[in-house]
Amino acid sequence: MIEHLLAGESGYGRAVETWLRPHLDWADTVFVDWCVSPAALFTMIDPGPTRIVVRLHSYEAFSLWPHLVSLGRLDDLVFVSEPMRRLTAAVLPGLDGPGGPRTHIIPNAMRLDRFVRPKPATARFTLGLVGWAAVAKDARWAVEVLRLLRARDSRYRLVLIGAPPDPRLSAAARAYHRSLEKDLAGLERQGAVQRLGYVDDVPGALTGVGVIISSSVRESFHCAVVEGAASGAVPVVRDWPLFAGTGGGAREIYPADWVVDSPEAAAERIVEQTGTEEGWRRAGADASRYAVATWDWPAIRPLLDDVVFGRPAPAEGTGAARRAPG
């Protein structure tokens, strides 16, 4: 791919032309989800009048793939949040330049109505962390919040949903895994931590969660928090350190009172919101209404439809730029 981009022509490029031309000839629009190898492949060749739309989620911005996409042949690039768009623009020269694609902010498509279910009173003191396999999810931050809460009230507990971090990935992952396991061991003996592992029915699992945590060091959007909020759990979102101090990040996506700066602030928010069952249910209902109204599929679909079907044709001169390799 790099040879093709540098030379403007290659045997591999001719093979890609053979593979993809029938699809480009048939389609009005090609929508490529995730800005990885298919995005690079579809922009290696002249798409002709066919529009190319790509959606970038998160990890791609830390990979080589966006750098192998011919931006001049890309009509629209969709991001799931403004912080991720800014980060990508900072690492991808030419994204905001002349001849580049139109960019859009469209949150992830979710069916949140299925998460709206009754919760038992016992869920009030249960914190939930959904998806903690990546080191970037930083489950140790959630454990620190739990420790602070249990110093005040031993009824608080943490439920971990999903697979644990894989220590085989790297030396850093092994070191993090060892520290996390040490953190969890004592709390599990006290019955304060439960690992549910992978579950097929996440909406069902969330009926037992009263507070949904985002402990990550970085996220593009964090669907798990929105799903938890839709379920009626009180959202507590760490001000993701990768974006903190940039004037953006989590605070650009969520209501300000969902976002906290430290484990201590998280514990204070949780104690305040779960102080009484009535107050906890009211806060959860408010979060659920906001999440469903803002991010459920009926709210997001028109935004996606506008990009795929409703945008005007590229401006004069853009077509020439789309046909230039590299």
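Readers should treat all values here as calculations from the given coordinates under stated rules, not as data from a laboratory. Note that the structure is a prediction, hence the values are computed from the model and not measured. For neighbour counting, all protein chains shown are included, and Cβ atoms are generated from backbone atoms with ideal geometry for every residue, glycine included.
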Each residue of the range 88-103 in turn: what ³J(HN,Hα) in whole Hz from Karplus with 6.51, -1.76, 1.60 and θ = phi - 60°, glycine and Pro shown as x?
5, 4, 6, 9, 10, x, x, 4, 9, x, x, x, x, x, 5, 10
Please sort 291-303, 168-180, 140-152 by packing, taking for each peptide the average over its residues of neighbouring beta carbons within 10 angstrom, highest first.
140-152, 291-303, 168-180
Mind giving me the FRET efficiency for Ala299 and Lys182? R0 is 56 Å, r the Cβ-Cβ distance, nearest 0.05 is fine.
0.85
With a 10 Å cut-off between alpha carbons and a GNM built on the chain, which of Trp26, Trp65, Trp258 moves the most?
Trp26
Which angle from 0 to 90°, rounded to the nearest 10, does the C-alpha axis of helix 139-150 make with the longest principal axis of the chain?
20 degrees
Please name which of Ala283, Phe62, Leu74 has its Cα lying farthest along the dipole of the chain towards the positive end, using unit charges on Cβ (Lys, Arg +1; Asp, Glu -1) and the Cα centre as origin.
Ala283
Would you tally the net charge around Trp34, using a Cβ to Cβ cut-off of less than 14 Å, leaving Trp34 out, and scoring K and R as +1, D and E as -1?
-1
Check which residues have an amide H placed less than 5 Å from Tyr156's amide H, if you skip close sequence neighbours.
none
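Per the helix-only calculation at 222 nm, which mean residue ellipticity applies to the chain, given -39500 (n - 2.57) for every DSSP H run of n ≥ 4 and division by its residues, nearest 500 deg cm²/dmol?
Only helices count here, giving -11500 deg cm²/dmol.
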What is the angle, in °, between the Cα long axis of helix 277-295 and the longest principal axis of the Cα atoms in the chain? Nearest 10 is fine, range 0 to 90.
10 degrees
Assuming 0.692 mPa s and 37 °C, estimate D for the chain with Stokes-Einstein, Rh taken as the Kirkwood radius over Cα pairs, in µm²/s.
152 µm²/s
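Please give the peptides 8-20, 93-105, 225-237 ranked by average Cβ packing (other Cβ atoms within 10 Å per residue), highest first, as a rough proxy for protection.
Values: 8-20: 13.2, 93-105: 15.2, 225-237: 27.6.
Listed from highest to lowest mean packing, they are 225-237, 93-105, 8-20.
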Karplus-derived 3J(HN,Hα) from phi for the range 230-235 (6.51 cos²θ - 1.76 cosθ + 1.60, θ = phi - 60°), whole Hz, x at Gly and Pro, runs 4, 6, x, 7, 6, x
Dipole of the chain, positive end: most advanced residue of Leu242, Gly97, Pro263 [Cβ charges, Cα centre]
Pro263
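What FRET efficiency would be calculated for the residue pair Tyr12, Asp33, taking the C-beta separation as r and a Förster radius of 30 Å, to the nearest 0.05? Spell out each step's value before the answer.
On the way: r = 23 Å, r/R0 = 0.78.
Once the sixth-power term is evaluated, E becomes 0.80.
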Helix 11-26 sits at what angle to the longest principal axis of the chain, using alpha carbons and giving 0 to 90 degrees rounded to 10?
80 degrees
